[in-house]
Amino acid sequence: MAWKAGMKVVHRAQRAWGVGVVVQVADEGRRLAVRFAGREGITVVSGRDQALVEVPADTPIEQVASGPIEALGSAQPATASAFALRTRVNRLEALRRADSLGALLSSRVHVLPHQVGAAGRILSDRMPRFVLADEVGLGKTVEAGLVFAGMRQLGLAERVLVVVPEHLAFQWLAELFHKFNALFALLTPERIEALGGPEAALARSPHAIVSFEALRADPDLSEAAADLPLDLVVVDEAHHLAEDALHDRVAPICRASFGVLLLTATPVRLDPREYFRLLSLVEPVPSTSLDDFLARLEQHEAYAQVARELLAGGDLAAAAERLRALAPDDPVFSKAPPALDRAALLAHLAERYGLSARLIRNRRVKVGAFTSRVLRRVDVGEGEKPKALVDLCAGLARGGEKVLVFGGDLEALRGLQGGLAEAGLEALLYDDAPSLEARDRLVARFRDPEGPMLLLSGESGGEGRNFQFAHHLVCADLPASPLVLEQRIGRLDRLGQTRPVEIHVPVEPGDEAFLADLYEKEIGIFDEPVGGLDAVLASLPEELAALQRKRSDRTRDAFRKDLAKRVAAARKAQHEGDPLLDIRSASLPELGRLVRGAFERMGEDAPEGIDGGDGAGAALEQSLITLSRWLEEELEDVCADVGRRVGMDVDTDQNVQPFEVSFTLGSGMRIEALPGMQIPDEPETFVGSFWRETAVARDELHWYATGHKLVEALLGLVRDGDAGRSAAVKREWAPRRGGLYARFEPRLATAADVAPGARVASRQASRYLDLSPIAVVVDLEAGNRVLPGAAHRLEDEIDDVQDARVGAPPPAALEAARAAAEREARLVMERRREEAVGLLLAHADAEEERLIEAAFAGGAPRERIDGALAVLRHHRDVVAKSIERVKLDLDAAALIVP
């Protein structure tokens, strides 16, 4: 549909809105500003919503906007059950939006505190531009997905580009879909050509994935991406940007984007040049040269060494003296014990003197939660491996173990599959599944305890799927690259694994035995991961090829000694770590505040121990589980209720397994359309789960969470509709002459809000301002006394409310009560405004201090620093003005009678 201003439309999923007139078209028709007759003000809708349809230009606009007060005044309130449902949806939406916590807990993974903390820290930043450098296996992909989900929830991720090596492109496509309910377009060269070239392909694919290889081959693709108003760019395996040609293609895209996430596992000291390049793409004022960066790194190390000694119990006064020598102008270092607190001093060092405020690196030794690796090597005679593999796999499978087998030769894997079939065992071959859906079903069969015990896979490696339920890995061969072998092991050795990972390696004599010895002894890959050691190990296949031409024992021994020396040095850089980076990356205090706020919004006391101390990590993990389960349960109850009300067949306990829910859209539907969805001509059933545990275990199910089209449609029906906006209810504690409950929604709408993405000031303001609803209860008697705690009490009892038969209150009394409630709500809103502006200014001041400190340390000229400060101050002023313009809309009202 080619939308134009002046068109008349109706929204078939929200008939109560009446006829609307399009007043503005933006983002090539993806976003429309519409003035509907049945709604106050402007409503921004998606131009791609199939429920939005054009009506003839002569269609009359007769409906006049009316609200909940008018419904109460005409004695035509909605039912108590509809009001209760709207109240629950309202509370759920507030929690989903607040601090992006709902989005952070909506991923199809077992999120851990370090992941939520990292994502939360990025989302709270003015500019989400960071290097994510977690050690391998800690979930950088999950953290990037959480950031995307949080930005999407706030309307900050309209255009997103993921840039990855070609062999990881499908893995990202699958993970974003399975774990975050996000459908991205994989833009291969063939697809780009079919869509009309780079510019057209990117314009038609707001969420897209492109490969390094495609960018290298097509400069027009890089230029087209850099010209787009991108909200977020994610670059995986970012250490490849050390290559000049690739850096020149990707850097302009990153510099033009609002948000940037660069993912790498390389330790800083293993490759400082890599970090110089990466940080130059995310810092407001980066170091001007590699030499300046190395000097900055050396200066940082002096502070890091003091932190190491403090963490080891070193003398506090001596540390303060050394710090005063390093930074004589810092007043914090001038304090003397007991005013100088060890924990506070470490926090200050991490905040002010870390290498970069835009670098996050969590380490395994700090996170924990990993099991060990156990090598089961079997040396066999030449030509005996095929039979040994069949015997090994059959023995494990008959012993009740799920077994994942990797090999680089698909024909050899098919031969193994045939040998196992002759032994009476079914083995699934992942690479033979023709589609994503077929692979879903195949993995589901393998996961099923009653299903086949063996899954064979080529180097596609299951495209990032979770196989933690299996504990045995069989290597049908050994790849020449240790990085490929690490990818294999990493399918099982990942967060959530509960047992040691047993790695079975049948080895024939000759080159394979030599390679197995290298992996076992010199590299140690069967003991711990090698992710992040690419600078040392990436060239190993070429080195081995050259070594084959020099087969003397002396040459091989020298090679092994040199390799062991290089790996040991890299391991040392990996293990030493940076204590200031550890403290800042963990973000436990910030996460504690986020969790505490969520519990307060639920009306519950926050758990003890989440604000710091030795047990903070475990307390936060348990708190996240508690919050997640509450969200899952509430989301299921609400969506099932809405589904039944609109005529869906909702099955929670008959023909589904435990923790599953099916929604069938069929002829019994009592509405014409669903927001963002099309009601099918023939019945269509969605089978899935709202419960993370079930969804993680079974990829083939729909994951009913934030971002799922059915969930968003059902919540949108209630949130954006008029049902349940008024009620008359009985409560024994109500005032003698009754009371008025009024719930107001804070709105940050501006004229620019029809524009897409992250550069809209109101969307930036939502990161500082509490936009949760404000509910007030006032007495209907003269004076309209505010009843403290009554609104919260009614919402807590919302499932028990009953309809009250009452007449229409006198219009004057109703209007006086509404005005009194609004005055109280405005007082609350004013306090929130002050807190938001204070938070904004505190963030801006802290960022200004860090920016100046880092910029001078990095050798930046004064004019560049002044330019960055001007941008920061402009952002502060624009967002502050947006916060000041917040308004309150009455969402719902209810009469409460005894």
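Tabulated results
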item: Leading residue by the ranking (nearest to residue 766 (Cα to Cα)) among those in the range 152-179 that are in contact with a strand residue (DSSP E or B) (Cβ under 6 Å, 6 or more places away or on another chain) and outside any strand (DSSP E or B); result: 157
item: Qualifying residue in the range 356-371 (condition: modelled with pLDDT under 90, more than 30 Å from residue 496 (Cβ to Cβ) and not aromatic (Phe, Trp, Tyr)); result: yes
item: Residue match in the range 93-101 (condition: among the polar types (S, T, N, Q), surrounded by fewer than 22 Cβ atoms within 10 Å (Cβ to Cβ) and within 35 Å of the chain's Cα centre (by Cα)); result: no
item: Some residue of the range 171-181 being crowded, with 21+ Cβ neighbours inside 10 Å, on the phi > 0 side of the Ramachandran plot and not assigned by TED's automatic domain parsing to the domain that holds residue 711; result: yes
item: Selection status of residue 564, more than 27 Å from residue 504 (Cβ to Cβ), assigned to a helix (DSSP H, G or I) and small (Gly, Ala, Ser); result: no
item: Qualifying position, being under 25 Å from the mean Cα position of the chain (by Cα), surrounded by fewer than 22 Cβ atoms within 10 Å (Cβ to Cβ) and assigned by TED's automatic domain parsing to the domain that holds residue 541, among 496, 458, 510; result: 496
item: Answer residue from the range 836-864, given it is in a helix (DSSP H, G or I), modelled with pLDDT under 85 and hydrophobic (A, V, I, L, M, F, W, C) and is surrounded by the most Cβ atoms within 10 Å (Cβ to Cβ) among those; result: 854
item: Any hit, the range 285-292, residues being surrounded by fewer than 23 Cβ atoms within 10 Å (Cβ to Cβ) and more than 24 Å from residue 872 (Cα to Cα); result: yes
item: Residues of the range 277-297 satisfying the condition of being assigned to a loop (DSSP other than H, G, I, E, B) and either of a type in the set (S, T, N, Q) or more than 15 Å from residue 130 (Cβ to Cβ) (or both); result: 285, 287, 288, 289
item: Among (1) over 22 Å from residue 440 (Cα atoms); (2) at pLDDT 95 or above - the single one residue 411 does not satisfy; result: (2)
item: Filter result (in a strand (DSSP E or B) and either among the polar types (S, T, N, Q) or in contact with a Ser or Thr (Cβ under 7 Å, 6 or more places away or on another chain) (or both)) within the range 1-42; result: 8, 24, 31, 34, 36
item: Any hit, the range 54-76, residues being in contact with a strand residue (DSSP E or B) (Cβ under 8 Å, 6 or more places away or on another chain), at pLDDT below 85 and more than 25 Å from residue 715 (Cα to Cα); result: yes
item: From the options 89, 111, 136, residue that is closer than 20 Å to residue 629 by Cβ, touching a residue at least 12 places away in the same chain (Cβ under 8 Å) and part of a loop (DSSP other than H, G, I, E, B); result: 111
item: Test: residue in the range 305-324 that is surrounded by fewer than 14 Cβ atoms within 10 Å (Cβ to Cβ), more than 24 Å from residue 526 (Cα to Cα), in contact with a helix residue (DSSP H, G or I) (Cβ under 7 Å, 6 or more places away or on another chain) and outside the structural domain of residue 515 (by TED's automatic domain parsing); result: yes
item: Test set (1) outside any helix (DSSP H, G or I); (2) without any contact (Cβ under 8 Å) to a residue 24 or more places away in the chain; (3) not assigned by TED's automatic domain parsing to the domain that holds residue 378 - residue 550 fails condition number; result: (3)
item: Residue 209 being among the β-branched types (Val, Ile, Thr), in contact with a helix residue (DSSP H, G or I) (Cβ under 7 Å, 6 or more places away or on another chain), assigned to a helix (DSSP H, G or I) and in contact (Cβ under 8 Å) with a residue 12 or more places away in the chain; result: no
item: Pair list, Cβ under 8 Å, 6 or more apart: the range 554-580 residue at positive phi, other residue loosely packed, with under 15 Cβ neighbours inside 10 Å; result: 577/365
item: Strands (runs of 3 or more DSSP E) within the range 371-486 that include 3 or more residues touching a residue at least 40 places away in the same chain (Cβ under 8 Å) and farther than 28 Å from residue 164 by Cα; result: 373-379
item: Test set (1) part of a helix (DSSP H, G or I); (2) surrounded by 18 or more Cβ atoms within 10 Å (Cβ to Cβ); (3) modelled with pLDDT under 85; (4) over 27 Å from the mean Cα position of the chain (by Cα) - residue 833 fails condition number; result: (3)
item: Residue in the range 92-100 that is among the polar types (S, T, N, Q) and either closer than 24 Å to residue 490 by Cα or in the same structural domain as residue 766 (by TED's automatic domain parsing) (or both) present; result: no
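Residue-by-condition table, conditions (1) more than 30 Å from residue 719 (Cα to Cα); (2) in a loop (DSSP other than H, G, I, E, B):
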position	(1), (2)
543	yes, no
556	yes, no
560	yes, no
573	yes, no
605	no, yes
619	yes, no
626	no, no
629	no, no
635	no, no
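The values are calculated or read from the model by the stated rules, or taken from the named source; none is laboratory data. What you are looking at is a predicted structure, and each value in this text was computed from that prediction instead of being measured. FYI the Cβ positions are ideal-geometry reconstructions off the backbone, even for glycines, and counts take in every protein chain you see.
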